[in-house]
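Below you'll find the structure, written out as structure tokens, and then a few comments.
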Amino acid sequence: MNSRTVHTVHPSPLGDLLLTGSLSPAGLTLGSLSLPGMRGAPAVRPEDRDDRPFTEAHRQLDGYFAGRPIRFDLPLAAAGTPFQQRVWQALADIPYGTTTTYGGLAARLGVSRAEIRAVGRALGANPVLLIRPCHRVIGADGSMRGYAGGVERKAWLLRHEGALQPTLV
């Protein structure tokens, strides 16, 4: 089956989000969603930009940033190791507006406490930020641990969802 890589940009309060995917006769499969300045973001060619296949992704992202609790429902590329895929699938069970800890996520997956770092590494390798909500996983002490898009953006997303209270200055 013939496919080609395409991309689009989605304006957001966090800056322009870069979405990439594989377009085939069967439709679009989303491969990545990157935040501005993110390490490891895919390199794209201007001539491969095609906004049309991303209409549904734009609609769902617009809803999310408008404050509507969204459970993203987009076809995603089957990237990652089997362990990463298990971790990423478990993210879908963390409801909008809530958080869990790395240890809590590991326990749900049946992963030993000794392997919690492997869960963290799998979260760090998540290619579709926001869509798979790895920002909802925090430290056991409530701290904002690593986030590929930056810890300040993780905190913004959690405040946006109502899972973290705004800080008064």
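Quick look at the numbers
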read-out: Condition met for ARG121 (charged (D, E, K, R), crowded, with 16+ Cβ neighbours inside 10 Å and within 16 Å of the chain's Cα centre (by Cα)); value: no
read-out: Residue count, the stretch 92-134 (criterion: β-branched (Val, Ile, Thr) and either assigned to a helix (DSSP H, G or I) or over 30 Å from ASP62 (Cβ atoms) (or both)); value: 4
read-out: Residue ID - farthest from the chain's Cα centre (by Cα), chosen from residues in the stretch 135-152 that are at pLDDT 95 or above and assigned to a helix (DSSP H, G or I); value: ARG136
read-out: All positions within the stretch 126-167 that are without any contact (Cβ under 8 Å) to a residue 12 or more places away in the chain and open to solvent by less than 20 Å² (accessible area, probe 1.4 Å); value: ALA155
read-out: All positions within the stretch 99-117 that are closer than 15 Å to HIS135 by Cα and open to solvent by less than 50 Å² (accessible area, probe 1.4 Å); value: THR100, THR101, TYR102, GLY103, GLY104, LEU105
read-out: Among (1) surrounded by 15 or more Cβ atoms within 10 Å (Cβ to Cβ); (2) outside any loop (DSSP other than H, G, I, E, B), the one test that GLN89 misses; value: (1)
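The values are calculated or read from the model by the stated rules, or taken from the named source; none is laboratory data. Because the structure is a prediction, the values reported are computed rather than measured. Reconstructed Cβ throughout: ideal geometry from the backbone, glycine too, with neighbour counts over all protein chains shown. SASA here: full protein model, heavy atoms, side chains in, ligands and nucleic acids out. Shrake-Rupley method; radii C 1.70, N 1.55, O 1.52, S 1.80 Å.
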